[in-house]
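The structure appears right after this line, and notes come after that.
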Amino acid sequence: MAEERTFHIGPIRPPSEAASLLLQVTRGCTWNRCRFCNLYRDTHFKAYSADEVKRDIDVIAAYAEEIREFCHDSRWDLDGLNLRLGALADGNARQCFYMVAQWLLNGGENVFLQDGNTTALSSGRLSDVLIYLKKTFPQIRRITSYGRAEELSRHDAEYYAELKAAGLDRIHSGFETGSDRVLEMIHKGTTAGHEITAGKNIRAGGIELSVYFMPGIGGRELSRDNAEGTARVLNEVDPDFLRIRTAAVKPGTELYEDFRKGWSSLCSDDEKIREIRRVIELAKGVSTRLVSDHMVNLLQDVEGSLGSAADRKRMLGRIDQYLELEEVDRRVFQLLRRTLRAYDLDDLQQIPQEQMEQIRQAVSRDSDKRWNEKINEYISRYI
């Protein structure tokens, strides 16, 4: 390419979209007032026109055509790709080239539409973009997007059926909780009713639904509400996925100031795990798959189908295995997990006894309040 062109790329995507092409359809968030999030605080929301997004798709297609020249007989010339990448003078162009190259190296099959609420676009405009995208890249197998529950609840099943026909396969939505009390506390701008309406219409329209639950986001005072409200919404909607995102209260957010001033109490890791256990216990007759695909989660191996008796028994057993540890050993695992020195409980058996005793002594020095603050600091690094 003689001209170093670029396309828009937003700041985040779900971990499950790590190998996906990122295509920014909107910028920022239509709400942008959640008290636990400051990601888009300095970003004014913008919905790109269909022509603007199509232009970006054309740029991606041009990069893809060039990058495919480095593939011969299904083998990639990685040295040649790296040399071409290094020859790009513009940093944004390098980022765009790298993303398209990584996408194609990973099969070039999945696309994630950014930013926080792409379904704020009219169905006609979004459908236009989806159809153009799939026409340009016929090999695409899955297109996914974020959407806010309140916005999603405004559309009926026919709206989602139209998007499904155009190529949208999955919607990710940060429900965070099914408790109206917690939703009000975190100023989410939505209700459990919105979540249920949105979820039912999305599924009726034939689109997969992936919702997020944040154990601990309501603090100690609303811990039970957080779990039980989420289970109620789960039972009403039966989403395809329930993704666990353990709450971290980050400095610079309004929620952090609440905890700093003592207006609410941080949940411990133990209380967050009990919330997950309560949700699993109360989920009745759903086929939802519980997914723990983020480093913020303490027991990342607690995953499975809520519709499978065997999976439920295994997940609850793993949680109970953790909760039955002595308190000091639970702290040890929390520390090792949060500092990336352990993945699951089995890793505790690999720690030499002398080292284990030293860690036990170190973690025992903090009060419960200070320990919870430390763990929150560790978790915040991964958000």
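The values are calculated or read from the model by the stated rules, or taken from the named source; none is laboratory data. Please read all numbers here as calculations on a predicted model, not as lab measurements. Glycine also receives a Cβ, built like all others from the backbone with ideal geometry; neighbour counts cover every protein chain displayed.
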What is the one condition in (1) hydrophobic (A, V, I, L, M, F, W, C); (2) under 20 Å from Glu184 (Cβ atoms); (3) at pLDDT 95 or above that Val249 does not satisfy? (3)
Arg365 being surrounded by fewer than 18 Cβ atoms within 10 Å (Cβ to Cβ) and at pLDDT 95 or above: yes
So how many residues does segment 270-285 have that are part of a helix (DSSP H, G or I) and either touching a Ser or Thr at 6+ places or on another chain (Cβ under 8 Å) or without any contact (Cβ under 8 Å) to a residue 60 or more places away in the chain (or both)? 11
Can you confirm whether segment 84-101 contains a residue that is under 20 Å from the mean Cα position of the chain (by Cα) and either surrounded by 19 or more Cβ atoms within 10 Å (Cβ to Cβ) or under 18 Å from Glu17 (Cα atoms) (or both)? yes
Would you call Ser20 touching a helix residue (DSSP H, G or I) at 6+ places or on another chain (Cβ under 8 Å), surrounded by 19 or more Cβ atoms within 10 Å (Cβ to Cβ), of a type in the set (S, T, N, Q) and touching a residue at least 60 places away in the same chain (Cβ under 8 Å)? yes
Among the residues that make up segment 212-227, is at least one of them of a type in the set (Phe, Trp, Tyr) and farther than 22 Å from Leu22 by Cα? yes
Out of Asp344, Asp293, which single residue is touching a Pro at 6+ places or on another chain (Cβ under 8 Å) and surrounded by 13 or more Cβ atoms within 10 Å (Cβ to Cβ)? Asp293
Just name the residue that is farthest from Tyr256 (Cα to Cα) out of those in segment 368-380 that are surrounded by 13 or more Cβ atoms within 10 Å (Cβ to Cβ) and free of Cβ contacts under 8 Å to residues at least 24 places away in the same chain. Lys374
Could you list, in sequence order, all residues of segment 199-230 that are farther than 15 Å from Ser153 by Cα, assigned to a helix (DSSP H, G or I) and among the aliphatic types (A, V, I, L, M)? Leu222, Ala227
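Among Ser127, Ser153, Ser223, Ser173, which is the only one that is surrounded by fewer than 24 Cβ atoms within 10 Å (Cβ to Cβ), touching a residue at least 12 places away in the same chain (Cβ under 8 Å), of a type in the set (Ser, Thr, Tyr) and under 24 Å from His294 (Cβ atoms)?
Details: Ser127 fails: under 24 Å from His294 (Cβ atoms); Ser153 fails: under 24 Å from His294 (Cβ atoms); Ser173 fails: surrounded by fewer than 24 Cβ atoms within 10 Å (Cβ to Cβ).
On inspection, the qualifying residue turns out to be Ser223.
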Do we find a residue being of a type in the set (Val, Ile, Thr), more than 23 Å from the chain's Cα centre (by Cα) and surrounded by 15 or more Cβ atoms within 10 Å (Cβ to Cβ) anywhere in segment 347-360? yes
Can you tell me which residue among Arg181, Arg125, Arg170, Arg154 is closer than 26 Å to Thr246 by Cβ and out of contact with any strand residue (DSSP E or B) (no Cβ under 7 Å at 6 or more places or on another chain)? Arg181
Quick check on Leu306: is it touching a helix residue (DSSP H, G or I) at 6+ places or on another chain (Cβ under 8 Å), in contact (Cβ under 8 Å) with a residue 24 or more places away in the chain and under 22 Å from Glu208 (Cα atoms)? yes
Tell me yes or no: at least one residue of segment 198-206 is within 18 Å of Thr26 (Cβ to Cβ), surrounded by fewer than 20 Cβ atoms within 10 Å (Cβ to Cβ), in contact with a helix residue (DSSP H, G or I) (Cβ under 6 Å, 6 or more places away or on another chain) and of a type outside the set (A, V, I, L, M, F, W, C). no
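Determine whether segment 29-51 contains at least one residue that is under 21 Å from Arg94 (Cα atoms) and outside any strand (DSSP E or B).
The answer is no; no qualifying residue exists.
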Name the residue, out of Ile186, Ile217, Ile196, Ile207, that is among the β-branched types (Val, Ile, Thr), more than 30 Å from Gly107 (Cα to Cα) and touching a Lys or Arg at 6+ places or on another chain (Cβ under 6 Å). Ile186
Would a scan of segment 95-106 turn up a residue that is in contact (Cβ under 8 Å) with a residue 60 or more places away in the chain, farther than 26 Å from Cys37 by Cα, aromatic (Phe, Trp, Tyr) and assigned to a helix (DSSP H, G or I)? yes
Find the residue count for segment 250-283, including only residues that are of a type in the set (S, T, N, Q), closer than 17 Å to Cys34 by Cα and surrounded by fewer than 18 Cβ atoms within 10 Å (Cβ to Cβ). 1
Kindly indicate which of Ser49, Ser122, Ser74 is surrounded by fewer than 16 Cβ atoms within 10 Å (Cβ to Cβ) and under 21 Å from His172 (Cα atoms). Ser122
Neighbours by Cβ (under 8 Å, 6+ apart or cross-chain): first from segment 189-201, more than 17 Å from Tyr146 (Cα to Cα) and of a type in the set (S, T, N, Q); second crowded, with 22+ Cβ neighbours inside 10 Å and modelled with pLDDT of 95 or more: Thr191/Leu183
